[in-house]
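What follows is a set of notes on a single structure, which appears directly below.
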Amino acid sequence: MPTKLAAPSADMHAAYNKPRMFFLSALALLTAGISFSMRTIIADDLKTTFFEPINRLHSAEMLGSVLGVALQLAVRCSTSSGWAGCWLGRAPVSSSGR
């Protein structure tokens, strides 16, 4: 018995505003690069100022924990703003659904 495959549906991404999506993705890459650069620049100063006086042996581990939390927050914010950008970049849909 032959199995019939369903016809492919219309591309759901066709209604997205592609230049706006490109701009948002470039902006996300730019801010990610800047944030990693800033983290690299201040990491040694944070470690020597705040964590080495507390515990010299585990100061790098404490620094990694603090910067890891900041990275998680940044990733969650960028993910949610990217998701919102997908919906903001869409073309308006008519009330008839076409």
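The numbers here are math on the coordinates, done by the rules we state, and not lab data. This one's a predicted model, so the numbers in the text were calculated from it and none came from an experiment.
Computed values, structure above
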read-out	value
Per-residue HN-Hα couplings for region 65-77 [Karplus 6.51, -1.76, 1.60; θ = phi - 60°; Hz; x = Gly/Pro]	5, 5, 5, x, 5, 5, 5, 4, 5, 5, 5, 5, 5
Interchain or long-range residues, amide H under 5 Å from TYR16's placed H	ALA91
